[in-house]
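Peer 1: Quick one: the structure is below, questions incoming.
The values are calculated or read from the model by the stated rules, or taken from the named source; none is laboratory data. The structure displayed is predicted, hence computed values, not measured ones. Glycine also receives a Cβ, built like all others from the backbone with ideal geometry; neighbour counts cover every protein chain displayed.
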């Protein structure tokens, strides 16, 4: 069961890459002029803290297959759905549902964790202290537009990835690419398709529906 859960979290980590810098998908209200990586990342985290709730659609190619999904998040609660997995977290309890196998795993959520799959918002808040990165962001271009490129290398060597490189459009601070480098050398790039700021949902929106418990295998690890 531990290996199953570990493999499931690694897969979820790749899916969650699409949400890494979504908070800056809304145009910045200030003109970005600094070339320092820390300053640019600071604006990302500030934007993250200012949004009470959001919904986003993402797509990425993973192991040759196109993955599309939806993420909804507010404070410590979040929900992810795609064709393979569903993840609910109300800040206290986490439910991970494997659709193909009809298996639901229930566990206690640890709000102190800053791992991507344990607490996405805490992960976003730790970007400036959880990674090594060069002092200056690199310049590049994408679609004819100038961008900043920042490679983040996690201090926690137990994570499933060795680095994340983000491309951020200069001036607007819109993300244009998020590239994930796994420990086996594989690269995955996430694309944000839709982002919408939302009014907060009711608390039960982030709990797995009790009406769906019938007919599935449930493992409670709490």
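Peer 1: Could you say whether any residue in the stretch 135-144 is surrounded by 17 or more Cβ atoms within 10 Å (Cβ to Cβ) and at pLDDT 90 or above?
Peer 2: Within the stretch 135-144, one or more residues are surrounded by 17 or more Cβ atoms within 10 Å (Cβ to Cβ) and at pLDDT 90 or above.
Peer 1: Oh, and also: Every residue in the stretch 96-132 that is surrounded by 13 or more Cβ atoms within 10 Å (Cβ to Cβ) and modelled with pLDDT of 90 or more, please.
Peer 2: Listed by number, the residues that qualify are 96, 97, 98, 99, 103, 104, 105, 106, 107.
Peer 1: Can you pull out the strands (runs of 3 or more DSSP E) entirely within the stretch 145-222 that have at least 2 residues that are in contact with a strand residue (DSSP E or B) (Cβ under 9 Å, 6 or more places away or on another chain) and farther than 29 Å from residue 64 by Cα?
Peer 2: 217-220
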